[in-house]
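Student: Please read through the structure below; I'll follow up with questions.
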Amino acid sequence: MLPQEPAAAVAPDSGKSLRHAVYAVMIAAAAGIMLGRILAVDSIDYYRLEAERRKQIEPELARRTAEMRAAGRSEEEIAQKIAQVRDDLEQKSQLSRPFLSGNDRSRWCTLRALVEPDMRVPGAPYAIDRVIQQPNWDTIDMVKHDRRYQPPEEPLPQLKPGDRIRDWDGRQVGGHLYSSKPPLYPTLLAGVYWAVHKATGETLGTQPYLIGRTILIISQWLPLLVYFVLLTRLIDSFGSTDWGRVFAAGAGIFGTFLTTFSTVLNNHLPAA
């Protein structure tokens, strides 16, 4: 038998600890950048106009209170009316919102329709008809779907005042508005929103900044951090030089728009 040659000794990876430290610094920097963007996200700088409107609330309430007292209204009736007026004025004064575009709001509208009972349309769980009627919840990214009834298979339903009916390719009655975005991702996020809603008792309507940013952190920020960790481990396994590994990790973490997309609901992060 020929003598077996001893296996070549594997050189120790002297740069492994340093590389891992560099990976950790880059991931921490990316995490801070994304978190800062999420916590600072706002539609348009309406703060001055919004503040000016809020300043006018108390004088307006005082004026209406004086008018009702002069008219001989009871204090209990005045208090109830003033509370209603205050809610209405505060709602109208709210101009800023943490949703950046009609595209972004379209997905958030679907979330509200799926989770919030008051926003749900009976028989059409994905319809956003009620959501877009709320202040600051308008969107152009929506489509209209009419309900079709083809005689004689389906009878024409009983019409209510205000229902629309017209003839086109069979009989149509009413219809609903839906987000033009694919429904799969909002459907998955509805579970996250439901859990946040049940835990806090708040909704995207009552606390858009708190609830919206919480959902973004859970659904965008945390998964992307996991992705960065797995990416650096993969790079470390297949890379051959310290410089190449660090460069590839830096390109994967900072060289894409994934960190930018963390401020909005989108399909890019789950796809990555």
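Student: Any of Lys81/Lys181; Lys92/Lys181; Lys55/Lys81; Lys92/Lys144 with alpha carbons more than 31 Å apart? Name them for me.
Tutor: Pairs exceeding 31 Å: Lys81/Lys181.
Student: Assign one of three labels to segment 80-146, namely rounded, prolate or oblate, based on the Cα gyration tensor with a ≥ b ≥ c the square roots of its eigenvalues; rounded applies when a/c is under 1.5, prolate when it is not and a/b is larger than b/c, and oblate otherwise.
Tutor: oblate
Student: Related question: Which whole-Hz ³J(HN,Hα) couplings does segment 36-41 yield from phi under the Karplus relation 6.51 cos²θ - 1.76 cosθ + 1.60, θ = phi - 60°, glycine and proline marked x?
Tutor: With the stated coefficients, segment 36-41 comes to x, 5, 5, 6, 9, 5 Hz.
Student: If packing is taken as the mean number of other Cβ atoms within 10 Å per residue, what is the order of 252-261, 63-72, 215-224, highest first?
Tutor: My ranking of the peptides, most packed first, is 215-224, 252-261, 63-72.
Student: Something else now. Quick query: amide H of Gly175 versus all other amide H atoms, modeled in the peptide plane; which residues come in under 5 Å with a sequence gap of 5 or more or a different chain?
Tutor: Distant-sequence amide H within range of Gly175: Arg147.
Student: Still on this structure, I have one more. What fraction, in whole percent, of alpha-carbon pairs in segment 47-93 exceed 12 Å separation?
Tutor: Everything past 12 Å amounts to 61 percent.
Just so you know, all these numbers are worked out from the coordinates, no wet-lab data involved. The structure displayed is predicted, hence computed values, not measured ones. Virtual Cβ from ideal backbone geometry, glycine too; neighbours counted across all protein chains shown.
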